[in-house]
Structures are given as structure tokens and as C-alpha cells.
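The values are calculated or read from the model by the stated rules, or taken from the named source; none is laboratory data. Everything quoted here is computed from the prediction, not taken from an experiment. A quick note on method: Cβ atoms are made from the backbone with ideal geometry, for glycine too, and the neighbour counts reach across all protein chains shown. Quick note on the areas: whole protein, heavy atoms, side chains included, nothing else; ligands and nucleic acids left out. Shrake-Rupley method; radii C 1.70, N 1.55, O 1.52, S 1.80 Å.
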Amino acid sequence: MIAPDLDTAITTLRDLVDGSQRIVPFTGAGISTECGIPDFRSPGGLWTKNQPIPFDAFLASQDMRDEAWRRRFAMEDNFAQAKPGRGHRALASLYRAGKIPGLITQNIDNLHQASGIDASDIVELHGNTTYALCLECAKRYELSWVREKFESTGKRAPDCACGGYIKTATVSFGQAMPADAMERAEELTRDCDVFISIGSSLVVWPAAGFPSMAKRNGAALVIINREPTEFDELADLVVRNDIGDALAPFIVH
Ligand SMILES: [Zn+2]
């Protein structure tokens, strides 16, 4: 059912949450927009102005690596100042209450970790943009270090001591989805009794596969998203209200 108003949405969601042992949230860009993180894919979003740099282009040229880092540092203020929103805090409350065994996210903004959910209980399908990794030896680099090198060398992307390229820990277009993350996401989806998709348009693979997987395995399906999705008919509850408004009542201080 599509909730006719916010009160019905909250009451129905409350009943589902209360009756549930294992809630698995699946989050997309919509949960972070109230935190000032832009939805790259939205009309007028960053990706409609700046085509994303595919992984093979990043590997192929120093200029592309320079450009990738230039763009990342241009975004730094958005990411560095962002704080968890009401949606993040509501999920963190349910997590602390023992209702959420793990959370799956398409977001790269680190806000679920910042809200207090343990990093080991977060599956990041698209990686994380708040730190960097060497593509060869997997050494971790903090962005402040990369930025200092970048600025002091005339805006050139630095390399690792091993010679490997350093890239934000995100999954780029054309870069393989991490197999262990996919496996954990599927496990969580199969084993939950309520699957809540929040702020994802559910069109990008593998996001599109999860709602029906959850339903097939007997979970109730909740979709909270401003715009309709392809899976609304399959859902037990569809909420098109503002995500922060719908989830704020679930915040426990
Ligand atoms: Zn290295």
C-alpha cells in the first residue's frame, strides 16, 4: 500500500518495526540529501554536468587521475562538513536496540558510520570516498595526506610508495563490485524479516535485485522514496514523504 499521509506511514512502519527481529535497511542518496550531500545522479546533479571518470580511464592516464582528485577535493566541503541526518540517526537507534543486524548502502559518504553504526555492520556496495587506497598494495591513505601531496606538486595525483595508483576507496564505473560486499548484502537480504529501501531509486544494479530477493525469502518490503520505483507494487508499504520526516519518530536519544 502507498501511505496516504505521513501519520499513516509512520504508524504502519512502527507496526512493522515492532513486529520485526531482523530489519535490513538498504540506503541510497536520498537519505543523505538533507545532510548536504548532493545526489550525483539527480537531474542537475554533478554527474549530469561532469561525466564520471570510468575506472579504465583512471588507470590509463595521469591527467585523468589528476582530474579525479581535483573533483574530489572540490567536493571536500560537502563531505567534510556533512553530519548524519534524521534518517541515519533513526537507523542508528534501531541498530542500538538490536533490531538491525547489518545495513547495506549505495552511499559513499561515511554517514552511517558517523551515526554510530559499527563499520563492520555496514556493507558499502559503492565503497567510501572519505579515505583512499593504493590499487596495488591496498595501503590506506587519508585524504589530508593526498591533498597535501596534490597541492605541493602542482595538482598532480600522488602514487603509493609501491608505485601503485592511489584512488578514493569508491567503486568506479567499470570497476568490479567487491565480491565480499555483494555476498554479505545478499546474506543480510535473505535473512531479514523486514527490508527497508530508503532513498534509492532501485534502478542501478545491484540495487534492483534486492527488493525481490527479500520478498522471495518472506520479508516484508518497505520502500521510502520521494519518487515511485519499479518495485512499489511488490512492497507492503510505500512511503513517498520526506525521509527525515518519516524516520524522525524512530530516533531514540
Ligand atoms: Zn601501494
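A few notes on this one:
- Counting only the Cα atoms, the chain fills a convex hull of 121 Å³ per residue.
- Against the chain, whose longest principal axis comes from its Cα atoms, helix 86-96 is set at around 70 degrees.
- Per-residue SASA entry for LEU135, accessible area with 1.4 Å probe, Å² rounded to 10: 60
- Per DSSP, loop trypsin sites (Lys or Arg not before Pro) in the stretch 134-171 with at most 14 further Cβ within 10 Å: LYS139, LYS155
- Convex hull of Cα atoms in the stretch 84-223, direction-averaged projection (nm²): 9.5
- Within a straight-line Cα-Cα reach of under 21 Å, LYS149 can be paired with the following lysines, leaving aside sequence neighbours fewer than 8 residues apart in one chain: LYS139, LYS167.
- Rounded FRET efficiency, nearest 0.05, which uses the C-beta distance separating ASP180 from ASP15 and R0 of 35 Å: 0.50
- The chain: angle of helix 143-152 to the longest principal axis, Cα-based, in degrees nearest 10: 30
- Computed [θ] at 222 nm, deg cm²/dmol, the chain (DSSP H ≥ 4; -39,500 (n - 2.57); rounded to nearest 500): -10000 deg cm²/dmol
- At an R0 of 45 angstrom, the distance between the Cβ atoms of PHE55 and LEU6 translates into a FRET efficiency of 0.60.
- Rounded tilt (10° steps) of 6-18 against the dominant C-alpha axis of the chain: 90
- Per-pair calculated FRET efficiency, R0 = 25 Å: ASP245 and GLN81 via Cβ, rounded to 0.05: 0.65
- All lysines inside 29 Å of LYS99 as judged from Cα atoms, apart from same-chain residues fewer than 8 positions distant: LYS83, LYS215
- Cleavage-rule hits (chymotrypsin sites (Phe, Trp or Tyr not before Pro)) in the stretch 120-203: DSSP loop, at most 15 neighbouring Cβ within 10 angstrom: PHE173
- Calculated over the stretch 214-253: convex hull of Cα atoms, volume per residue (Å³): 75
- Three-way shape call for the stretch 127-170 based on the alpha-carbon gyration tensor, with the a/c threshold at 1.5: oblate
- The stretch 148-227 and the stretch 55-74: distance between their alpha carbon centers, rounded to Å: 20
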